[in-house]
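Q: What follows is a structure written as structure tokens; I'll ask about it next.
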Amino acid sequence: MAAAFVFRMHDKGPGLVREVLLERGWEEYDGGKREEEDWNLYWRGSPFHSSEYQNLLPWQRLNHHPKTVGITRKDCLARHLRRMRATFGSALYDFSPAAFILPNDYTRFLAEYNKRRPSRRCSIYWICKPVDLSRGKGIFIFQDVKDLVYDCSVIVQKYISSPLLISGYKFDLRIYVCVKSFNPLTVYIHQEGLVRFATEKYSLSSLRNLYAHLTNTSINKFGPFYRTEKGSVGQGCKWTMSKFRRFIHSLDINELLLWQRISSIVTLTLLTIASSVPSCPNCVELFGFDILIDNTFKPWLLEVNYSPALTLDCQADISVKKGLIGDLIDLMNYTSTDRLRDRAYRKQRYKQPHFSANHSSRFSSSVLSKLKLHNFQRMRRSSRSSQNQTLPLPEKQNQRQTRQRVFRPDYQRQLPPIRATGTIFKTNANKSCTGPTLNRTLDPRPRTKASVMKGQTCPAFASCQMESSPRMSEVTNRDTETEAEVDLSGETDASSLTPDTQQRGQRFRRFAESWRLPNIYSGSQRPAGNGQHIPPVRVGNFIRTFPFNAATLEASQHKLDVRVITQELQKLTGLLASGRSDETEWRRDEGRRKVTDGDTCFDSLLWGPTDPPLLSQCFKPTLVDLRDHSFARKSHDITQ
Ligand code: ADP
């Protein structure tokens, strides 16, 4: 019987993740019974320490990329967006409300405040938010600077005072974004998400009423009207994205443009940090993007959440979050090769059946290390041999091979394809690899000795330029609610590593250097003519939103070319805004590229609508042609 995958949770971890993994037949890591390295997925709500990235083994994955604080803390995000605005123009980076980080930016804020000083003609409102708190804590809205009182680092942001309302209630969207890789940037957005409502009617005459102005569930579930029927909002304070989609569909607006604008916000935000995140192929990250739509249907980015809440408060949570986690696990793309961990253990258990659990833990680690080293040495030898040809073995070696045949097929499967004169050879193992999820191929990216030397194909963590993990207070917007995941130092597990374990890990890693995980991009991907690889267009309800065409694929492969990417995004959004039908620039450009680059042309799905269409099919004459990319509907309040 195939061995189970093993997950490890920091502290109690999110109950939902545990539930989904157990349902899928995974086993939970038990430190008393298992080796330190005997797990496939480590999940935690707080950041991992840098040593945890450095010590990752090929079969192990983490649920955070390093150094994503740049977008998940309010002040860092504001700073990054300001920098991008200065470089690429405020027209492109116009999706986040003007923000000032106080106390540092106080003078600049005052200048802006005075410029826009409340007049009878138009009132300006501001929102003040502590930079490192979440769930609406410490937030207040003000109009007069006299009311701005703070005793910690805060950001003061222009308050979007004319939000789109449903039955008079304010709402925002929680969009779930999975970054498979920052290098090359590979982004998926989940089709499901949540719409979070305020529970009292929106009114600017009561700025202190948080139940009317904030959409955080953590606040509204304690509101007096939480259980009351609230017009078309209904009871509670959440809708699923599917319900919102039906609502949007019923309106006379350019729906595709709205979805594309949200998707662009996600990409443009990730671009602010993409080149500074160290490459870590074994990590994925689930972000929660909070988007507010105003009454002209313009989407605004409010913040990006690290470890978005996975608690189940209501039916909407249950229908969205369970599927989300299942799809996330599929996106991690575990294959049978990841079970090798278990093979090694089973073998050594068979050899040493008489050792008690307490004893065997220490003994087995050395046996395991030898076993691993041996197999890696063999694996390396075999990878050096003439590109997967089977050579006749001397008698002695043959005997050994028979004894160890239980390992060979799996290790062979791990051998990456080797590139020779620009061609990618598939290994035999490639064919026989039968993963439980949708990845059925090995790392299809070409590997050269040079790339290994440059550290690009290091098994788990390719950059050596990591600083220590930031402290919790320096970290994030985490909206996790009841899970006891907070680790203030972020160093718990690293410090618990014994020197012996660390040494073993280092030794092992040296041998693992020429070896890497089956590529997370595989599945339905296909290699393009110039050796680039196209990640699957869809995994469950996760839709690939980046790269979305040949130009963005190319611009993200080696050195991230942000300018090209932003141009492509603008082009796509512009086309959707104008609803161009025949012979679009898009098709012409893609066609041209196909001719010049070989078969690098590929299509993508447009995230958002029901049955997401291919981008190439989006430009239909039926779209409403809207002047200046704005939406036709002017109504301030939509009542269904
Ligand atoms: P937190 O991390 O505490 O949840 P957010 O930035 O998400 O902080 O803000 C909490 C809520 O406040 C949002 O869900 C939204 O309803 C409201 N909000 C935040 N910023 C703005 C803004 N600039 N304009 C209008 N509403 C805002």
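Q: Which FRET efficiency value, to the nearest 0.05, do you get for Gln617 and Phe247 by plugging their Cβ-Cβ distance into 1/(1 + (r/R0)^6) with R0 = 22 Å?
A: The computed FRET efficiency comes out at 0.40.
Q: Suppose accessible area is computed on protein heavy atoms with a 1.4 Å probe; arrange Lys571, Lys201, Lys170 from highest to lowest.
A: Lys201, Lys571, Lys170
Q: Say each of Ser203 and Tyr125 gets a label point 7 Å from the Cα, pointing the same way as Cα to Cβ; how far apart are those two points in nm?
A: That separation, rounded to one decimal, is 1.2 nm.
Q: Taking the Cα-to-Cβ direction at Leu22 and at Tyr106 and moving 7 Å from each Cα, how far apart do the two end points lie in nm?
A: 5.2
Q: Would you mind checking which residues have amide H under 5 Å from Lys170's amide H? H placed 1.01 Å from N; only 5 or more apart, or other chain.
A: It is Ala198, Tyr202, by chain and number.
Q: Just to verify a number: FRET efficiency for Gln570 and Ser162, C-beta to C-beta distance, R0 = 30 Å, to 0.05?
A: E between Gln570 and Ser162, to the nearest 0.05, is 0.75.
Q: What pairs from Lys12/Lys321; Lys238/Lys322; Lys170/Lys322; Lys129/Lys180 go past 22 Å between their alpha carbons?
A: From Lys12/Lys321; Lys238/Lys322; Lys170/Lys322; Lys129/Lys180, over 22 Å: Lys170/Lys322; Lys129/Lys180.
Q: Here is a further query. Taking 7 Å along the Cα-to-C-beta vector as the label spot, tell me the Ser90-Cys314 distance in nanometres, rounded to one decimal.
A: For Ser90 paired with Cys314, the spin-label model returns 3.8 nm.
Q: Another question, if that's okay. Report the convex hull volume per residue for segment 168-272, counting only C-alpha atoms, in Å³.
A: Taking only Cα atoms, segment 168-272 has a hull volume of 131 Å³ per residue.
Q: What accessible area per residue comes out for segment 165-291, rounded to a whole number of Å², with a 1.4 Å probe?
A: About 27 Å² of surface per residue is accessible.
Q: Separate question: Which order, highest average first, do 152-163, 216-227, 295-306 follow once you tally other Cβ atoms within 10 Å for each residue and take the mean per peptide?
A: Highest-to-lowest ranking by the protection proxy: 295-306, 152-163, 216-227.
Q: Whole-Hz Karplus ³J(HN,Hα) for segment 163-175, in order, using 6.51 cos²θ - 1.76 cosθ + 1.60 and θ = phi - 60°, x for Gly and Pro?
A: Per-residue couplings from phi come out as x, 5, 10, 10, 6, x, 10, 6, 8, 9, 9, 9, 9 Hz.
Q: Rounded to the nearest 0.05, what FRET efficiency do Arg227 and Arg563 have when you use their Cβ-Cβ distance and R0 = 45 Å?
A: Calculated transfer efficiency: 0.30.
Q: If you roll a 1.4 Å probe over segment 154-199 with all protein chains in place, what percent of the accessible area is carbon or sulfur?
A: 32
Q: Sticking with this structure for a sec: When ranked by the protection proxy of mean other Cβ atoms within 10 Å per residue, highest first, what sequence do the peptides 205-213, 38-46 form?
A: My ranking of the peptides, most packed first, is 38-46, 205-213.
Q: While we're on this one: Heavy atoms only, probe 1.4 Å: what % of the accessible area of segment 38-78 goes to carbon and sulfur, would you let me know?
A: 58
The values are calculated or read from the model by the stated rules, or taken from the named source; none is laboratory data. Here the structure is a predicted model, which is why all the values come from computation and not from measurement. Note: ideal-geometry Cβ built from the backbone for every residue, glycine included; neighbour counts use all protein chains shown. When the accessible area is computed, the model is the full protein with side chains, heavy atoms only, and any ligands, DNA or RNA have been set aside. Shrake-Rupley method; radii C 1.70, N 1.55, O 1.52, S 1.80 Å.
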